[in-house]
Amino acid sequence: MLGRVARRMQDDPLAPVTLVVGAEELLVDRAIGDVVRAVRAQDPEADVRDVAPGALQAGMLSELASPSLFGERKVIVIRSAQDLGTDLVGEVTRLIADPAEEIVLVLAHLGGPKGKKLLDAVRKVGVREVACPKVTKVGDRIAFARAEFRVAGRSLTEDACRTLVEAIGNDLRELASACSQLMADVDGVVDEEVVSRYYSGVAEASSFTVADKTVEGRTAEALEQLRWALSVGVAPVMVTSALAQSVRQIARVGAAPRNARPNDLARDLGMPPWKVDRVRQQLRGWTPDGIVRALTAVADADAAVKGGGMDPAYALEKAVVTISTARNA
């Protein structure tokens, strides 16, 4: 019985206290927005106060949480709660221990060691918690894009999803915006051709596109994409990072048993199954000696673009040629 009650509270944005934990700003904003919408669905006149620690002074939180003369609901959002001072931490813990019926409190906390005393105190009470971890893995961003379409009752192909994620990069807010734009402009299933048409300039400049063409031994195309990427502002260090990642993936997949299933290999290597399949295709022509040469070229290029060389563009071109020709060497 208590377990069912706890699960209901975790799913209920109208819970008296919601703790939003994590550094992914888009997810944090969405979690806060869910609470505000749920409260205003019950009371359109609900008073929403969204404050940061720097705007709070001792006693102010208690004042914000005081009952209204007209009895309307209140939502108090405290962002960056890890930065609260000792006095304010005390006010928050007292408020959570005895929340007023008309008050809904939302605490946004990064979740790290800073402000851990408050985090532990809030969790001890047993409040609703929403996790908003930083989305850094390509597979997680692909899952996010799929979910954006699924929630809207739309779909996009696997190739389109990968192309979109590679084109947009690491910014989750930009990825969400791109998904919304595609769904607004395109009817039916969104495929790779549509995504490439919308984001061709970004996609072609992707450091991962440069890396893919390089490890596949397509030297001329890789150099063309490298020059384009640098011309539109892609940081050289992003290119060396992508090259390093691609060569390491070649090495890791190449060292795995040939009869390993993609799903098992994906789990063991921490890669999505589609990526395992792609790397297996890129693996053709690579030898252990070639991989060593490629890794050395990446290390040399990385040192050059981080200050060890005079011309980062030249260092990257040299790396692309060395790596691509190391295949089949």
In the stretch 112-130, anything crowded, with 19+ Cβ neighbours inside 10 Å and assigned to a helix (DSSP H, G or I) is listed as Leu118, Leu119, Val122
Restricting attention to helices (runs of 4 or more DSSP H) lying wholly within the stretch 210-329, give those where 2 or more residues are in contact with a His (Cβ under 9 Å, 6 or more places away or on another chain) and at pLDDT 90 or above.
-> none
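Residue-wise test of (1) loosely packed, with under 14 Cβ neighbours inside 10 Å; (2) closer than 19 Å to Met271 by Cα; (3) over 11 Å from the mean Cα position of the chain (by Cα).
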{"site": "Cys132", "(1), (2), (3)": "no, no, no"}
{"site": "Lys137", "(1), (2), (3)": "yes, yes, no"}
{"site": "Asp159", "(1), (2), (3)": "no, yes, yes"}
{"site": "Glu174", "(1), (2), (3)": "no, no, no"}
Go through the stretch 80-95 and count every residue that is touching a strand residue (DSSP E or B) at 6+ places or on another chain (Cβ under 6 Å) and more than 24 Å from Glu24 (Cβ to Cβ).
-> 0
Pick out the one residue from Gly85, Gly90 that is more than 21 Å from Ile32 (Cα to Cα) and surrounded by 15 or more Cβ atoms within 10 Å (Cβ to Cβ).
-> Gly90
Scan Pro257, Pro262, Pro236, Pro272 and give me the residue that is surrounded by 18 or more Cβ atoms within 10 Å (Cβ to Cβ) and over 26 Å from Tyr314 (Cβ atoms).
-> Pro272
Going through the stretch 305-321 one residue at a time, which ones are surrounded by fewer than 18 Cβ atoms within 10 Å (Cβ to Cβ) and touching a Ser or Thr at 6+ places or on another chain (Cβ under 9 Å)?
-> Lys306, Val321
The condition of being more than 17 Å from Asp120 (Cα to Cα) and touching a residue at least 12 places away in the same chain (Cβ under 8 Å) holds, among Val48, Val92, only for Val48
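For every residue, the table says whether it meets (1) touching a Phe, Trp or Tyr at 6+ places or on another chain (Cβ under 6 Å); (2) free of Cβ contacts under 8 Å to residues at least 12 places away in the same chain; (3) surrounded by 18 or more Cβ atoms within 10 Å (Cβ to Cβ).
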residue	(1), (2), (3)
Ala266	no, yes, yes
Val276	no, no, yes
Ala303	no, yes, no
Ile323	no, no, yes
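The values are calculated or read from the model by the stated rules, or taken from the named source; none is laboratory data. Quick caveat: nothing in here was measured; it's all calculated off a predicted structure. Glycine gets a Cβ as well: all are built from the backbone with ideal geometry, and neighbour counts include every protein chain shown.
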